[in-house]
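Q: Sharing a structure here in structure tokens format.
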């Protein structure tokens, strides 16, 4: 019966609720719906439309409506100076294919990992836009905005905190962009956990993007993101699309240094013309004295360049050139100072960079200092983040391995962790050392055993007198 002056919530002609908008089922005691009041079917469509509208208003999708699967480039930034590598293209293609399939099924969770500007947000927005086009109530929101939305709901005249919280955690599809950029207060962590835990228990479709490594994420949330039965983890390997010539480790790689820039395959000297020449060298070795301090011993020696030296040098050059063309496994170059090993290692790095790849070349001592900088009070990056990026770099060139007693136990441990991970994940790695093979084996027995694996590693000893740069003479009639 319709009351005068009262607008019915439902359809007055509805045969089930007669305009009340709610129904109560006539079921026996003990039935799961006994005593419960539910929305009538005549209102469900209107309620769903309002829910979609509320979520879309909360979302950032209006300004991201242009981000679709159709305009997602698996070739990276076409305006970049160099094309990206095939490995990077493959990671983008796999990510696009899976996200496109997920947007059609909306089953399970997707965790998109990668550095800034690699395409995570584009793919996440493409999923959300595809879902919205099908009428799925979707919330796409950055995590800081999500938390702000909850905070503002406490004093909002339009909604309550409970209603806003329920809209977020119960959305048919929730896309949480930039997870980890929020202010990690106790309140924020608890609300995020409650949202994620609710969706985890109810297996509601969820997409999370982050530039963090999992070790940096709060343990309860991390545990759920590591559930392989529910969550598909996808890592995008490309550089920043907006700044394709920058790396995530500015200031670390030696490849940008003035002298190192000159070390390419194009200006390599084969030293054929030096056969028979006597080279005077000063050999410097480091050791720890009784007081624990590092001291250097110097020794003068004379040695002639022989044909055998040139043969060994050519073998190392050819191996480095092959490795640069198709970087697989590890390449170790051993030999005294200025024998050419750093030149070849740098040439590999420059060649890969010229092909659009990512390469880090660093001195061992510089790398360790770079990691230690994260312990400073004003550090803007965590140790876990920096360690992860070094450990998983597409190509890592470690220059200057010394005797084991030259580094602290902490440094030895970190180097072992980096190299152990790269060995078992088959990540391309170049190692150089002034140690001869026997000394290297004594100083780094575990690493040496890995280098002896012919299925993964190549070792070349460039045992020859050092290069001596020739002064360029001025042309006749020109001033020097």
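Q: Could you say which residue among 403, 389 is within 24 Å of the chain's Cα centre (by Cα), touching a residue at least 12 places away in the same chain (Cβ under 8 Å) and assigned by TED's automatic domain parsing to the domain that holds residue 429?
A: 389
Q: Also, quick follow-up: Quickly run through region 183-215 and pick out the residues that are farther than 29 Å from residue 105 by Cβ and part of a loop (DSSP other than H, G, I, E, B).
A: Of everything in region 183-215, those that are farther than 29 Å from residue 105 by Cβ and part of a loop (DSSP other than H, G, I, E, B) turn out to be 183, 184, 185.
Q: May I ask you to list pairs of residues, at least six apart or on different chains, whose Cβ atoms are under 7 Å apart, with the first in region 137-163 being free of Cβ contacts under 8 Å to residues at least 12 places away in the same chain and the second being loosely packed, with under 12 Cβ neighbours inside 10 Å?
A: Between residues of region 137-163 that are free of Cβ contacts under 8 Å to residues at least 12 places away in the same chain and residues that are loosely packed, with under 12 Cβ neighbours inside 10 Å, the close pairs are 161/154.
Q: Of the numbered conditions (1) at pLDDT 90 or above; (2) closer than 21 Å to residue 261 by Cα; (3) part of a helix (DSSP H, G or I), residue 308 fails exactly one; give the number of that condition.
A: Among (1) at pLDDT 90 or above; (2) closer than 21 Å to residue 261 by Cα; (3) part of a helix (DSSP H, G or I), the lone unmet condition for residue 308 is (2).
Q: Something else about it: Based on what the data block shows, is residue 401 buried (at least 19 other Cβ atoms within 10 Å of the Cβ) and either modelled with pLDDT of 85 or more or out of contact with any helix residue (DSSP H, G or I) (no Cβ under 7 Å at 6 or more places or on another chain) (or both)?
A: yes
Q: Scan region 338-354 residue by residue and report those that are part of a helix (DSSP H, G or I) and modelled with pLDDT under 90.
A: Those that are part of a helix (DSSP H, G or I) and modelled with pLDDT under 90: 352, 353, 354.
Q: For region 299-308, what are the residues that are in contact with a strand residue (DSSP E or B) (Cβ under 9 Å, 6 or more places away or on another chain) and surrounded by 14 or more Cβ atoms within 10 Å (Cβ to Cβ)?
A: 303, 305
Q: Right, here's the next one. Restricting attention to region 324-335, which residues are within 22 Å of residue 435 (Cα to Cα) and crowded, with 19+ Cβ neighbours inside 10 Å?
A: 330, 331, 332, 333, 334, 335
Q: Here is a follow-up. Checking the condition at pLDDT below 85, in contact with a helix residue (DSSP H, G or I) (Cβ under 8 Å, 6 or more places away or on another chain), surrounded by 15 or more Cβ atoms within 10 Å (Cβ to Cβ) and over 30 Å from residue 388 (Cα atoms), which residue from 139, 61 passes?
A: 61 is the lone residue from the list that is at pLDDT below 85, in contact with a helix residue (DSSP H, G or I) (Cβ under 8 Å, 6 or more places away or on another chain), surrounded by 15 or more Cβ atoms within 10 Å (Cβ to Cβ) and over 30 Å from residue 388 (Cα atoms).
Q: So which residues in region 426-452 are touching a residue at least 12 places away in the same chain (Cβ under 8 Å) and not in a helix (DSSP H, G or I), if there are any at all?
A: 426, 427, 428, 429, 430, 431, 432, 433, 434, 435, 436, 444
Q: Can residue 111 be described as crowded, with 16+ Cβ neighbours inside 10 Å and either assigned to a loop (DSSP other than H, G, I, E, B) or modelled with pLDDT of 85 or more (or both)?
A: Here the answer is yes, as residue 111 does meet what is asked.
Q: Could you tell me which residue of region 85-108 is farthest from residue 71 (Cα to Cα), considering only residues that are touching a strand residue (DSSP E or B) at 6+ places or on another chain (Cβ under 8 Å) and modelled with pLDDT of 90 or more?
A: For region 85-108, the residue satisfying everything is 108.
Q: Could I ask something else about it? Checking residue 219 against (1) out of contact with any strand residue (DSSP E or B) (no Cβ under 6 Å at 6 or more places or on another chain); (2) modelled with pLDDT of 95 or more; (3) surrounded by fewer than 17 Cβ atoms within 10 Å (Cβ to Cβ), which test does it fail?
A: (2)
Q: What's the total number of residues in region 349-364 that are in contact with a strand residue (DSSP E or B) (Cβ under 6 Å, 6 or more places away or on another chain) and crowded, with 23+ Cβ neighbours inside 10 Å?
A: So the count comes out to 2.
Q: Could you list, in sequence order, all residues of region 374-398 that are within 16 Å of residue 422 (Cα to Cα) and not in a helix (DSSP H, G or I)?
A: 392, 393, 394, 395, 396, 397, 398
Q: Taking the criterion of being in contact (Cβ under 8 Å) with a residue 40 or more places away in the chain and assigned to a strand (DSSP E or B), would at least one residue in region 87-100 satisfy it?
A: Looking through region 87-100, none of the residues is in contact (Cβ under 8 Å) with a residue 40 or more places away in the chain and assigned to a strand (DSSP E or B).
The values are calculated or read from the model by the stated rules, or taken from the named source; none is laboratory data. What you are looking at is a predicted structure, and each value in this text was computed from that prediction instead of being measured. Positions of Cβ are backbone-derived with ideal geometry, glycine not excepted, and every protein chain shown enters the neighbour counts.
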